[in-house]
1. Mind telling me which of the residues 30, 10 ends up being assigned to a loop (DSSP other than H, G, I, E, B), in contact with a Leu (Cβ under 9 Å, 6 or more places away or on another chain) and not acidic (Asp, Glu)?
2. If I go through the range 73-92 residue by residue, how many of them are open to solvent by 70 Å² or more (accessible area, probe 1.4 Å) and touching a Leu at 6+ places or on another chain (Cβ under 8 Å)?
3. Listed residues 425, 416, 457, 440; which is touching a residue at least 12 places away in the same chain (Cβ under 8 Å) and closer than 30 Å to residue 298 by Cα?
4. Among residues belonging to the range 98-117 that are without any contact (Cβ under 8 Å) to a residue 60 or more places away in the chain and out of contact with any helix residue (DSSP H, G or I) (no Cβ under 8 Å at 6 or more places or on another chain), point out the one that is nearest to residue 88 (Cα to Cα).
5. Pairs needed: first member in the range 208-234, over 19 Å from residue 175 (Cα atoms) and of a type in the set (Asp, Glu); second member anywhere, at pLDDT below 95 and buried (at least 17 other Cβ atoms within 10 Å of the Cβ); C-beta distance under 9 Å; at least 6 residues apart or different chains.
6. Return the residues of the range 438-463 that are over 15 Å from residue 279 (Cα atoms), part of a loop (DSSP other than H, G, I, E, B) and open to solvent by 20 Å² or more (accessible area, probe 1.4 Å); say none if nothing qualifies.
7. Anything in the range 39-66 that is in contact with a Leu (Cβ under 8 Å, 6 or more places away or on another chain) and not aliphatic (A, V, I, L, M)? List them, or say none.
8. Conditions: (1) under 29 Å from the mean Cα position of the chain (by Cα); (2) closer than 12 Å to residue 41 by Cα; (3) among the aliphatic types (A, V, I, L, M). Residue 85 meets all but one. Number of the miss?
Amino acid sequence: MSFDLVIIGGTGDLAWRKLMPALFQAFRHGKLPEGGRILAVSRQDLSDAGYRGWVKERFQEVEGAKRPSDDEFARFAGLLHYLRLDLSRPADYAQIRSWLAARPGGAADVVVMYLATSPDLFPTVCAQLGAAGLNSDNIRVVLEKPLGRDLASAQEINRVVRSVFREEQAFRIDHYLGKPSVQNLMALRFGNALFEPLWRRESIANIQITLAESIGVGTRGDFYSRTGALRDMIQNHALQLLTMVAMEPPSRNDADAIRDEKLKVLRSLKPFSEDSVVRDVVRGQYRAGSVEGSRVAGYFEEDEVPAESRTETFVALRTEVRNWRWASVPFYLRTGKRLAARDAQIVVNFRPTPHSIFPGVNQPNKLVIKLQPEDGLELHLLAAKGTGQSEALSSVSLDLDFDKAFAENRVGAYERLLLDVIAGRLNLFVRSDEQEEAWRWVEPILDAWQADDTGPRPYMAGTWGPAAASALVARDGCAWSEEQ
């Protein structure tokens, strides 16, 4: 199957930090279909050779094992092409059409338009692609998050996209869904008989989703001050993970069956009111501190952060899924910058045994689904170390490391998702109604914060956020996983 991949915004951070390394890894692994071409589009004045040199220079910043040798890059560079184009000029889009039509051997089987631009440009670009006739049945469009700033802007983006492309042509990407642990969450639940009978309120006490970063906002201070942790991480990544954990078994393993069940979860989430935002949501903003033994700046010392910014760099919240499976089970979501560690995980805390016959404190079982820095599963159980009947039980764990178990078939999140786009697999992409429902749920929090003059709670860099986040879960008699 031949393909043409057009990266609109081909010299931006996303292109060189994520997309080009992922495409090279797919090329190195022999997974890119034969007969492929990659066209980068931007306003910079470059030739094909100039763009190839630009990419090669930036590949030096990729971690060692993923860095191409000169011979590997020379072969990969043969796929790369460049076109200078001003996205605000309708006439320039004809250049893309001409480039696609001039393909040696005839038109590609699949054309992918990857919008690696600011989401503010999505409506303009999609409308111009449609006006230029670049929306035929073999064309797919990939939209990066964040898709909008609120429900109204998300609906407007989707309205324009739907006016040009059919829903099945639109791939709204969330790279967390490409992580091996998330893919294996489906296999864990629906491919095994062990967990599904226990995956309900009778057996599960609470579920925690943590997406923690040890880095600060860095050079993205201006962008981040207009976005914040709720929009950047909760509305998309965290809610998508929640739906994967809480969804009912789909009738079949196809995109719409899976996304129908995820949408039901979003519609079942307990809605927020002004009072419940005060009670069940904690927002924070980091100050100077120490991370991994090094002194780091506070949020207001970062580049391009406005002095009066009330943007949150941390969010912790409590919610519930109001259906028969999950009634009264707390779901805790947490994300933040400059936290104690880079750690993304889902922790499923099971209820304690109804009657313990062993001395000491018997820690309940828990399942830890690790997303980063490594991918894997840990099942924490209790076992007896010796033979004495009066001996207390000790915690042991069954640990599945996906990096080791599936070393020969490992692919990164963006690599997997890019290959899925080319193949037309929508299972790991977000449908427009899912995305809009997530905004509908988040929006009352944004509105309550807008009317609240107190602003975010300060927390020291290198900690796990404001103390109020621990108090939030302690109210239910729980603790975050690192405090257990």
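The values are calculated or read from the model by the stated rules, or taken from the named source; none is laboratory data. Everything quoted here is computed from the prediction, not taken from an experiment. Note that each Cβ is placed from the backbone with ideal geometry, even for glycine, and that neighbours are counted across all protein chains shown. When the accessible area is computed, the model is the full protein with side chains, heavy atoms only, and any ligands, DNA or RNA have been set aside. Shrake-Rupley method; radii C 1.70, N 1.55, O 1.52, S 1.80 Å.
1. 10
2. The qualifying residues number 1.
3. 457
4. 98
5. 222/305
6. Matches in the range 438-463: 451, 453, 462.
7. Within the range 39-66, 42, 43, 48, 51, 52, 54 meet the criteria.
8. Of (1) under 29 Å from the mean Cα position of the chain (by Cα); (2) closer than 12 Å to residue 41 by Cα; (3) among the aliphatic types (A, V, I, L, M), only one is false for residue 85: (1).
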